[in-house]
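To keep things clear, I will list the structure first and then write my remarks on it.
Since every read-out is calculated from the coordinates, none of them should be taken as a lab result. Bear in mind the structure is a predicted one, so any value in this text is a computation, not a measurement. Because the Cβ atoms are built from the backbone with ideal geometry, glycine has one as well, and the counts that use them run over all protein chains shown.
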Amino acid sequence: MTEVQERCTKQCVQNAKKSARSLSNQGATVQSIAKSAIPNGKIAVVKSSAADLTLQLKRAFDHRRTLKLDSNAVRLVNSRGDGLEGLIIDRFYRHVAVYILNARWQSQQKTISEALRENFDVDYLVFKDRTGCSTGSGSASAPPKAVEPIGQGKSQTIIEEHGLRFQVDLNDHLNAGLFLDMRKNRKLVAFYAKGRRVLNCFAYTCSFGVYCRKFGASRVSNVDISAKFLQKGKDNYRLNNLPEGPGEFVRDHAVLYLERAAKRKDVFDIIILDPPSFARYEGTVFSVKKDMPLLIDKALRALTPEGMLFISTNLSTIPRAKLEEWAHIAAKKMGRKIVEVNRLGQDLDFRESGAMKESFLSAILVKTTMKF
Ligand SMILES: C[S@@+](CC[C@H](N)C(=O)[O-])C[C@H]1O[C@@H](n2cnc3c(N)ncnc32)[C@H](O)[C@@H]1O
């Protein structure tokens, strides 16, 4: 258990005892409430009254307020991590998305909606029923079953994270346009980007690209197979007053782009590999489990001798150690050495990250060198 997790658990038990004292006046038992609040990966709320749920949501919201994340886009409830198994709530400034992964929450929409409005200014609220999907709010392979916007406003908004601006759309496709769990990793990679050439493979809406350019990268190439997502990336650049450099947005298959770049000796100092778990493209299938070793191999060939590689996956069957092993094997094959490994995961608002499939991120940032 990490220090942070331990801190959270102790705090939760204390909070639970406090809440239990106040709730016992309302007829709930101390034991049931304390149990439901301990995010130890085993105990979750089984049945809760509206009052229990309201209290538990409030505790989850209050916890986020203590984290000082420098962002107005935050995960407010992280399923079992907040003792609310199968419920995920993401806040994007005054827009909120509620992901229902367990049918038990379908009948609680009113209570959830009220709790959100009591605690935040909410312009737009959407419930996404994903009880039929396997991966929760991440890169789900099946589309959401139902989307029910509540509120008058538009589904789009602009959020601010570490002083940078990103547009999101709560009704767009499967994901809103910014992966909140990558927040601290975006910042870490950008920290190394000053004066460096960065290749952002699987760029999506180019959030890594925006960070790296803002932190002074000499060049960024955002590569994605989707023209639509690259267009959103361009919008994000504009929002942050970033001019578009040559080759900044490239619609291509990441593996093919890496092969061509290596061939023409168009090398990069930092390469970001954050692929989807599974994707189809023009008759080909990309599976992170099968294709990540090849992807790492291709990336190392387009990386400068002292370059850095960021590798990540949300697939819960791939632990961080596996990514490291793949990186070491690929490096060894081409006479390189990994000299430094940063082991990374989801940001702090993803409480109990790794303890459940719907909240998982393995990531490493490795520094390489040539063997002499
Ligand atoms: C998990 S998202 C990447 C998230 C992104 N790294 C971020 O942090 O915002 C997956 C992206 O990979 C793109 N993609 C899928 N297969 C691809 C491929 N073979 N080559 C390039 N991009 C691909 C999708 O269009 C999508 O934008």
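The P(r) of region 214-260 has a tail past 14 Å containing 52 percent of all C-alpha pairs. To the nearest 20 debye, what is the magnitude of the charge dipole of region 179-370 about its Cα centre, counting +1 on the Cβ of each Lys and Arg and -1 on the Cβ of each Asp and Glu? Dipole about the Cα centre, nearest 20: 400 debye. Projecting label points 7 angstrom from Cα along Cα→Cβ for Asn241 and Arg301 puts them 4.2 nm apart. Charged neighbours of Arg343, selected by a Cβ distance under 9 Å, balance to 0 (K, R count +1; D, E count -1).
If you add up the charges near Thr54, with Lys and Arg at +1 and Asp and Glu at -1, over every other residue whose beta carbon is less than 12 angstrom from its beta carbon, what do you get?
Working: positive: Lys58, Arg59, Lys110, Arg117; negative: Asp52, Glu114, Glu118.
Combined, the nearby Lys, Arg, Asp and Glu give +1.
Taking the Kirkwood radius as the inverse of the mean 1/r across Cα pairs, report the Rg/Rh of region 162-244.
Working: Rg = 11.8 Å, Rh = 12.7 Å.
Taking Rh as the inverse mean 1/r over Cα pairs, Rg/Rh reads 0.93.
Calculated over region 57-109, the projected area of the Cα convex hull averaged across directions stands at 3.6 nm².
Pairs from the list Lys187/Lys337; Lys154/Lys232; Lys58/Lys154; Lys332/Lys371; Lys265/Lys298; Lys110/Lys357 with a Cα-Cα gap above 19 Å: Lys187/Lys337; Lys58/Lys154; Lys110/Lys357.
Multiplying the residue separation of Ala321 and Ala262 by 0.36 nm and subtracting their alpha-carbon distance yields 18.5 nm.
Summing charges over all other residues whose Cβ lies under 10 Å from the Cβ of Gly153, with Lys and Arg as +1 and Asp and Glu as -1, gives +1. Database remark: amide H of Phe249 closer than 5 angstrom to the amide H of Asn222 (H placed geometrically; neighbours at sequence offset of 5 or more, or on other chains; Pro and chain starts carry no H).
Among Met356, Met182, the order by Cβ neighbours within 10 angstrom, fewest to most, reads Met356, Met182. Relative intensity of region 179-370 on a log10 scale, I(q)/I(0) at q = 0.13 Å⁻¹, equals -0.63, per a Debye sum over C-alpha point scatterers of equal strength in the absence of solvent.
Rounded if a/c is under 1.5, else prolate if a/b is larger than b/c, else oblate: which is region 231-318, with a ≥ b ≥ c the root eigenvalues of its Cα gyration tensor? Mind showing how you got there, number by number?
Details: a/c = 1.62, a/b = 1.23, b/c = 1.32.
In terms of gyration-tensor shape, oblate.
As a proxy for reagent exposure, ranking Arg251, Arg264, Arg320 by other Cβ atoms within 10 Å from fewest up yields Arg264, Arg251, Arg320.
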